[in-house]
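Here the structure is laid out as structure tokens; the discussion comes afterwards.
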Amino acid sequence: MAAAEPAPQPGPSTEAATADDQAGLDRTIAALADPFRRRTVELLGGRPHRAGELARALGVSPSAMSKHLRVLRESGLVAEEHPDFDARVRVYSLQSAPMRTLRSWIEEAERGWAEQLTAFRRHLEGQHLEGQHLEDQHLEDQHREDEA
């Protein structure tokens, strides 16, 4: 009963796709900022649920759940389906594309942090070696003065 995700469509340009990706990432992060929506995503990670099931599981009113589900739908994190047997029933399922984009962004940020930490470590090691070299030079100078 899970909705199939549409195949990615080639964009008019890489810049436009990047802007779209950034806007989508912003919507994903904003949607996940709320603890009830994060819990909804966790529940939907197990299996699709009806809106009423989600509201009961989270202890929120149906109208509050509807608002949370609207935000999640608009962000692309969930899809809504209406089973053939009853158009009034709405079943929600998790969509993976926004989470892949979020994961990719986090991995890119982690690479940047790792590079910065590595550069900082090299800087500190360089200062340590330079300090050690100056200390050795000072000791050698002192030794020469003592001998003279």
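At what distance in nm do the modelled label points of S66 and E81 sit from each other, each positioned 7 Å from its Cα along Cα→Cβ?
The two pseudo-label positions are separated by 2.3 nm.
Between R100 and A114, what length comes free when the chain is fully extended (0.36 nm per residue of separation minus the Cα-Cα distance, one decimal in nm)?
On the way: separation 14, 0.36 × 14 = 5.04 nm, distance 2.08 nm.
Contour length minus Cα-Cα distance gives 3.0 nm.
Starting from the Kirkwood Rh over alpha-carbon pairs, what translational D in µm² s⁻¹ does region 13-95 have by Stokes-Einstein at 20 °C and 1.002 mPa s?
On the way: Rh = 13.4 Å.
Answer, rounded: 160 µm²/s.
A short reminder: the numbers here are calculations on the coordinates, not readings from a lab. What you see is a predicted model; the values in this text were computed from it and never measured. Virtual Cβ from ideal backbone geometry, glycine too; neighbours counted across all protein chains shown.
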